[in-house]
């Protein structure tokens with residue numbers, strides 16, 4: 001199981017999340033729709049990242065992020081029929097480990113890659129990607145491959 | 001014609017890779033039911049064990065969120081599109097703290113308040129407050145924050161406990177006189193509540209370190225006693241978007257406000273300019289009723305906790321004035337100044353500035369009196385030049401660290417003991433940092449002595465010349 005990211009994409013994720021610090025930064029990962037999306041061992045290719053504003057209310061942006069569903073629907077509609085789609089999301093954990101939190105698990109969708117970066121004191125210090133299991137009980141870490 | 005349900009990419013694998021499913025139904029709920037009848041795996045993803053849509057599933061009918069209409073009962077007609085859109089949300093573990101049994105017992109009187117409750121107590125535990133100063137205001141403030149269970153309490157202070165502090169600074173006690181304030185503060189707070197983390201910064205808050213430090217905390221509580229630091233705290237709060245639970249005291253009067261909150265005024269909106277140096281005496285010079293910081297610091301703790309919990313009406317846009325002699329409170333309205341250089345519509349201050357210069361403290365007499373560096377002092381001592389090295393610090397400071405061969409006369413006793421000094425000998429005067437000795441030199445020169453100041457004081461001596469002299 002792995003997330004293959006295009007060269008330069010990590011720089012955009014890093015810049016977005018460092019800029020958002022101390023709040024959480026977030027955005028979409030786009031790429032070709034994998035045939036085996038729900039299979040263990042699948043490889044997701046992300047060739048584009050789209051940073052989005054953190055839509056959570058201002059009281060908890062330092063430990064919460066929200067992607068506006070309308071914005072997501074718009075991108076899905078735009079990509080419909082193109083063979084490409086939203087294949088995952090990235091978000092940051094300011095001063096906290098790049099592991100999914102219980103809240104991440106509660107809100108997680110299947111198949112998609114959840115790329116979490118730790119931003120420690122304003123600088124990216126860890127980067128890990130996760131996929132939720134179909135029974136929605138846990139996350140499994142996947143390898144991030146930089147193409 | 002029929003109704004089209006559109007699925008997000010992540011769900012298509014549970015519906016034979018289709019991106020849309022056509023159904024015939026009168027309501028959103030019935031449309032979804034038809035879809036679940038055909039695709040069982042999809043049902044498990046979208047519905048919780050209670051048979052209701054999971055909280056992170058959004059259903060739109062054409063452009064509208066079904067929640068804003070009649071939920072699953074929202075009517076649909078032929079040609080409508082039902083859109084299933086994930087709410088993509090998550091976040092770090094901060095709010096996922098748990099309270100153990102001992103904490104549940106300790107915080108019981110909070111937890112049974114509906115306005116606080118278990119959720120609120122967890123919020124307190126996962127929050128972090130930075131107290132600027134461990135003095136009169138910082139004492140009750142930090143004590144109540146620790147007692148209330150604020151998870152991380154940072155304190156910035158570089159002072160040493162002086163016997164004259166104990167009249168009001170209840171974090172410290174008699175045995176801690178002469179030791180760093182942070183040491184006694186940490187000990188006291190940890191003894192009060194071992195469940196909270198006390199983070200100490202034994203350094204001066206400066207334009208170079210403030211912004212980085214503030215970013216690590218949720219609320220800043222300013223309990224400083226001088227104008228340069230007060231403006232620095234204000235600006236750094238605005239720049240980092242952190243609210244400042246501000247308090248100040250003087251003699252029998254206190255001030256209280258929350259500055260730097262979103263859409264609220266900052267300290268500069270109220271006081272664009274600092275008073276001329278020397279006009280407003282500090283507590284050390286003007287005195288203060290010992291209980292007064294107890295009142296104001298406690299009120300700062302209340303505002304801080306309200307900000308963390310998001311309850312009540314924070315003191316934003318209002319300045320409260322307390323008069324202990326009259327036993328009265330007055331509240332004044334303070335508006336955000338659109339022309340404010342830091343929080344206004346077109347801010348010109350985008351990073352901390354030089355606050356000593358801003359407050360006019362750089363034009364102090366030190367510039368007009370003869371001054372030597374610690375290196376020059378060392379050279380004079382090595383050459384065995386003839387002079388008296390006068391130390392104007394307090395006895396307890398002298399006990400901690402001294403330059404060999406110095407004569408101690410604390411600044412406060414200098415006018416009474418000046419005759420102990422010989423007008424024929426050359427005087428070289430030092431203190432801890434060079435400030436008090438500058439005043440001593442000014443005084444001595446006015447009395448006809450040949451006195452020279454040591455810039456940087458024993459602090460510089462210890463750093464640059466003799467590291468065996470303790471820094472304190």
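Read the figures in this text as sums done on the coordinates, not as results from a lab. Note that this is a predicted model, so its numbers are computed, not measured. Here the Cβ positions follow ideal geometry from the backbone for every residue, glycine too, while neighbour counts run over all protein chains shown.
A compact table of results
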| read-out | value |
| --- | --- |
| Square roots of 5 times each gyration tensor eigenvalue, C-alpha, segment B:370-409, largest first, Å | 20, 10, 10 |
| Segment B:314-472: relative contact order as a whole-number percent, Cα under 8 Å and 6+ apart | 20 |
| Folded to 0 to 90 degrees: helix B:435-446 orientation relative to chain B principal axis, Cα | 30 |
| Neighbouring partner chain Cβ atoms per residue of B:3-11, average, 10 Å criterion | 5 |
| On Cα atoms only, tilt of B:227-240 relative to the major axis of chain B in degrees | 20 |
| Segment B:145-225 shape via C-alpha gyration tensor axes, a/c threshold 1.5 | oblate |
| The protein assembly as shown: calculated mean residue ellipticity at 222 nm from DSSP helix runs of at least 4, using -39500 (n - 2.57) | -7500 deg cm²/dmol |
| Cα→Cβ-extended label distance, 7 Å offset, between residue A:58 and residue B:81, nm | 3.4 |
| For A:15-25, mean number of other protein chain Cβ atoms within 10 Å | 1 |
| Using a Förster distance of 35 Å, the FRET efficiency for residue B:62-residue B:262 (Cβ separation, nearest 0.05) | 0.50 |
| Helix A:9-20 vs. chain A, principal-axis angle (Cα, 0 to 90°, nearest 10) | 30 |
| Label-to-label distance, nm, for residues given as residue A:120 and residue B:251 (7 Å Cα→Cβ offset) | 5.2 |
| Modelled FRET efficiency - R0 45 Å, residue B:97 with residue B:433, Cβ distances, 0.05 increments | 0.65 |
| Using distinct alpha-carbon pairs, which all enter the 1/r mean, Kirkwood radius of segment A:2-146 in Å | 15.1 |
| Rg ratio (alpha-carbon, reference 2.2 N^0.38 Å) - segment B:291-349 | 1.42 |
| Point-to-point label distance, residue B:206-residue B:2, nm (Cα→Cβ direction, 7 Å offset) | 7.3 |
| Taking A:134, B:420 and counting other C-beta atoms within 10 Å, the order from fewest to most | B:420, A:134 |
| Per-residue average of Cβ from other chains inside 10 Å of B:79-88 | 6 |
| Cα-based Rg and Dmax for chain B, where Dmax is the largest Cα-Cα distance (Å) | 31.2, 111 |
| Residue order, fewest to most beta carbons within 10 Å, for B:469, B:116, B:429, B:13 | B:469, B:116, B:13, B:429 |
| Segment A:2-146, relative contact order [Cα under 8 Å, separation at least 6], % | 27 |
| Value in Å of the Kirkwood radius, where the protein assembly as shown supplies the Cα pairs that are averaged | 28.4 |
| Distance histogram for segment B:180-247 (every C-alpha pair counted, 5 angstrom bins, percent rounded to whole numbers) | 3, 15, 23, 23, 20, 11, 4 |
| Relative exposure of A:16, B:174, B:304, judged by other C-beta atoms within 10 Å (fewest first) | B:174, A:16, B:304 |
